[in-house]
Structure formats: C-alpha cells, structure tokens
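First the structure, in the form of structure tokens, and then the observations on it.
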Amino acid sequence: MKIFNKIGLLILAFATGMATTSCEDSKSYSELLTEEEHAVNWYLAQNEVCLDVPADGNFEVGSDAPYYKMDGDGFVYMQVINKGDVGENDPKPESGDLVYFRFMRMNIKNYQLTGVQTWEGNAENADDSSASFVFGNNVLSSTTQYGEGIQLPLEYLGYNCEVNLIVKSPEGFLSEQSQCIPYLYNIRYFKAIY
C-alpha cells in the first residue's frame, strides 16, 4: 500500500511541476493586452493621430491623412482613403442594410517584431468571395463574427468608401479576440444590389 501511495505522490508532483512549467511558458491575458497596446502605440507613433472625430464629418482624405480615434476606449482608429458616395443624392448606409466588403489585413504585432508587412484577406483575388455583414446588427452570427470595429466607418462615410482601420482585439473578429492581436485593415465597402 505504501508503494502505491509513493507512486501516487510522485505522479501528483510530476503533474504539478508540468502544470507550473506550462503556465510559466505562456503569457497571461493581461500581458497579451499590454503587448497589443504597445504594438498599436508603436504603429500610431509613426503617423499623425487626431483624438476627435470631426464634428462636421469632414475627414481629411488620403494615404497621408491622420488616423482618427473612433471610440472612447481607443479600440478603433480610422484613416480615410476615400469617403465614398457622400453626395446629396447618394444612398447612405442604414441599419439593416446588407453590406459587402473587401479587405486586406496585417498583424501589427508581427510587423512590430519582424519589420515585415504580411497581408491577408479577400481583396486581391477576385476568386475569393466577398465578406458581408448586416449594418447595425449585433445579433446575427454572420455579422458578429467580424466584430463591431469594421462597421464603424459606415456611421460616417458612404458606400464605396475605402479606409485603413486599426482594430484592437475587443472590436475585432470574434474568433480571435482572446489572442489580443491588433490588425491594420484596408477595407472597401459596397452596397448589396438586389
């Protein structure tokens, strides 16, 4: 009986040691959030940043335009490349509209660490299907899977707009939020035609 108790204690000690080692090798969620914050700050430090959205909606436009802080928490920053259809007779995005979008995205953390911009998405290959969401919807899984950050530009801009969007994990793709990876997106938005 004593042999079994000693073997049991050895197994327990080994398992505890392995669990402790595993925890030491991985990072806590808090550490991942801090890394994400540092990566975004590093990227933004290389660009002009405006902490307020223009009250009149008159965003500066172009690849040298500033990044605008779009929410109070600083989870989303937007650089407007093209305002899209903002004429008097152009239809504005409305809640419930089906919106198609094409995007490329880059992991800002990896870019900070390696200096290499690696882009992925559906914008460069016409064979890749467009992604879509229902504007203003936060219930449908087909919409919430992309997070709320990518919908934000349509509150200010028209269809056919193009933006560069920095999205931190709390507002990013639902399946990736726990990884704490900030992405830089280049996104174009299109109205669904029925």
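The values are calculated or read from the model by the stated rules, or taken from the named source; none is laboratory data. If you're wondering where the values come from, they're calculated on a predicted model, not measured in any experiment. Reconstructed Cβ throughout: ideal geometry from the backbone, glycine too, with neighbour counts over all protein chains shown. Accessible surface areas use protein heavy atoms only, side chains included; no ligands, DNA or RNA. Shrake-Rupley method; radii C 1.70, N 1.55, O 1.52, S 1.80 Å.
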Exercise. Classify segment 63-175: rounded, prolate or oblate, from the alpha-carbon gyration tensor (a ≥ b ≥ c, eigenvalue square roots; a/c under 1.5 rounded; otherwise prolate if a/b is larger than b/c)?
Worked result: rounded
Problem set entry | Violating pairs (Cα-Cα greater than 24 angstrom) within the set LYS109/LYS191; LYS92/LYS168; LYS27/LYS168 | LYS109/LYS191; LYS92/LYS168
Seminar exercise, completed: Its Cα gyration tensor gives segment 85-146 an equivalent ellipsoid whose semi-axes in whole Å, largest first, are 28, 16, 13
For this session: Please list 152-160, 36-44 highest first by mean number of surrounding beta-carbon atoms within 10 Å per residue.
Result: 152-160, 36-44
For this session: Take peptides 136-147, 165-176, 87-98 and line them up by average Cβ neighbours within 10 Å, highest first, as a rough protection proxy.
Result: 165-176, 136-147, 87-98
Problem set entry | Fraction of antiparallel bridges per DSSP, the chain only, in percent to nearest 5 | 90 percent
For this session: Evaluate the Debye formula for the chain with equal point scatterers sitting on the alpha carbons, no solvent, and hand back log10 of I(q)/I(0) at q = 0.11 Å⁻¹, in q order, two decimals.
Result: -0.56
Exercise. Taking the alpha-carbon centroid of each part, what is the distance from segment 97-160 to segment 27-47 in angstrom?
Worked result: 20 Å
Seminar exercise, completed: Rounded to whole Å², per residue accessible area for the chain with a 1.4 Å probe reads 59 Å²
